Amino acid sequence: MIPRAPQILNASTNLVGICFVIIGSLALTDRSRDTWADEIAWLALACLFTATLTSYFAIRGDAMRWPVVIADAAFIGGVVALMASLIAAAIQL
């Protein structure tokens with residue numbers, strides 16, 4: 001089986017950048033007060049940052065299994081929150 005931690009690390013760091021683009025673009029256009037999309041994007045950012053850290057700990061630690069489980073859950077939560085942020089932006093703007 002291919003270790004999941006490097007793939008989670010790569011994907012979550014890329015999605016953290018997408019969260020910053022959403023948050024920054026809503027702030028620059030002064031549309032952040034009109035929608036919940038930036039608040040949901042902050043939640044996605046927190047989940048994806050947790051996934052990034054725990055997947056890094058999983059790569060560095062040899063025998064620990066708990067960082068991979070936390071990274072998986074945080075990554076899935078971050079992706080779901082990011083999708084909810086995009087849906088909120090599409091509906092409310």
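The values are calculated or read from the model by the stated rules, or taken from the named source; none is laboratory data. Source: prediction; values computed, not measured. Note: ideal-geometry Cβ built from the backbone for every residue, glycine included; neighbour counts use all protein chains shown. Ligands, DNA and RNA are excluded from the accessible area calculation, which covers all protein heavy atoms including side chains. Shrake-Rupley method; radii C 1.70, N 1.55, O 1.52, S 1.80 Å.
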Cα radius of gyration and Dmax for segment 1-59 (Å): 13.7, 47
Proximal charge balance of Gln92 [Cβ under 15 Å; K/R count +1, D/E count -1]: -2
FRET efficiency, Trp36 to Ile59 (Cβ-Cβ, R0 41 Å, nearest 0.05): 0.75
Of Leu86, Pro67, Ala27, farthest towards positive along the dipole that unit charges on Lys, Arg, Asp, Glu beta carbons give the chain: Pro67
Share of carbon and sulfur in the accessible heavy-atom surface of the chain [1.4 Å probe, %]: 71
